[in-house]
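The values are calculated or read from the model by the stated rules, or taken from the named source; none is laboratory data. Computed from a prediction, not measured in an experiment: that's the story for all the values here. Using ideal geometry, Cβ is built from the backbone for each residue, glycine included, and neighbour counts are taken over all protein chains shown. These accessible areas exclude ligands, DNA and RNA; they are computed on the full protein's heavy atoms, side chains included. Shrake-Rupley method; radii C 1.70, N 1.55, O 1.52, S 1.80 Å.
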Amino acid sequence: MRFTYKWLVPLSLMLSPLAQTQEVDVQEIVKRAELAAYYAGDDGRSAARMLITDPQGRKQMRQFVILRKDREDGGSQDMMVFFSRPADVRDTVFRVVKNTERDDDRWLYLPGLDLVKRISAGDKRTSFVGSHFFYEDVSGRSTSQDDFTLIEETDEQYLLEAKPNDPAAVEFARYKVSIDKGTMLPVKIDFFDAKGENYRRVEALKIETIQGYPTVTHSRVQDLRSGGETEMQFRFISYDLGLPDEVFSERSLRNPPRDWLELRD
């Protein structure tokens, strides 16, 4: 990640202490936002309800429970998503092992076929179980994959622009992310294609503080081309549960840890 400048900025300014300070600040903003969004507590559990609306206004619903455990803050992480409704996705399980030095490992267990399907790195920006969320939205995109620039700062927010380090690996040319200064949570992300069209938006609609951690409890993804969208609401959120390592094993794909899936306030 580095600060970018227009060609007319003198070389002496680019090498000045001010420029170096700005670069450090951008990195710090991005790191704090990543920690706030994906690493609250040492582990966590929540129930999620997804409402998918297609361009014709037809709606579908998905319900699932998410379990997550951090190996280290900002580093390796395990995640399991257990689907319960509707019937066509019941007992489907999504498993993620988040890596720091290489692509994340992702699997999908399909109970109807009793099949564990590995999700390739090339599929991480495809639809998550028929919704407008991508697989990568659920587990998080590594900040090391993009080059960030601070383009605006207000009293309430930082506005960053990011460009992918490997443009051939993604469908976007750049994106803009607004980060709330109070919580350091990303509250809006707009994706742009190579022609400059804003074709996709991800935003936080509601943030609550749970066990001392600012938490997005209602979010939305919009397909700005087709008009379709998916909203996701979270309930029964708990942090620092002491989830054991065996919960995040391959065995849990076929034999979910029922005791840890029991929801309570």
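Structural remarks
- Packing-based ranking, highest mean first, of 149-159, 41-51 given that Cβ atoms within 10 Å are counted: 41-51, 149-159
- For the chain, the mean residue ellipticity at 222 nm estimated from helices alone is -4000 deg cm²/dmol, where every DSSP H run of n ≥ 4 contributes -39500 (n - 2.57) and the total is divided by all residues, rounded to the nearest 500.
- Backbone N within region 79-98 under 19 Å of label point (7 Å from ASP54 Cα along the Cβ vector): 86-90
- Couplings 3J(HN,Hα) of region 158-169, computed from phi: 9, 10, 10, 10, 10, 10, x, 5, 10, x, 6, 8 Hz, in residue order, whole Hz [Karplus 6.51 cos²θ - 1.76 cosθ + 1.60, θ = phi - 60°; x for Gly and Pro].
- Loop-located trypsin sites (Lys or Arg not before Pro) across region 139-197 with a Cβ neighbour count of 14 or fewer within 10 Å are LYS181, LYS195, with loop assigned by DSSP.
- Calculated from the alpha-carbon coordinates, region 33-253 shows an Rg and a Dmax of 17.0, 53 Å respectively.
- Heavy-atom accessible surface of region 33-253: percent carbon and sulfur, 1.4 Å: 46 percent
- Additional length obtainable on full extension of the chain from ARG71 to GLU250, 0.36 nm per residue less Cα span: 62.7 nm
- About the centre of its Cα atoms, the chain shows a dipole size close to 860 debye [charges on the beta carbon of Lys, Arg (+1) and Asp, Glu (-1) only; nearest 20 debye].
- In this simple spin-label model, placing a label point 7 Å from the Cα along the Cα-to-Cβ direction at both GLU153 and LYS117 gives a separation of 4.6 nm.
- Per DSSP, loop GluC sites (Glu not before Pro) in region 197-265 with at most 15 further Cβ within 10 Å: GLU197, GLU250, GLU262
- Degrees separating the helix 17-38 axis from the principal Cα axis of the chain, which is the longest one: 10 degrees
- Among the listed pairs LYS124/LYS176; LYS117/LYS195; LYS31/LYS195; LYS98/LYS163, those with a Cα-Cα distance over 23 Å are LYS117/LYS195; LYS31/LYS195.
- Using the Cβ-Cβ distance between LEU263 and LYS195 with R0 = 51 Å, the FRET efficiency computed as 1/(1 + (r/R0)^6) comes to roughly 0.70.
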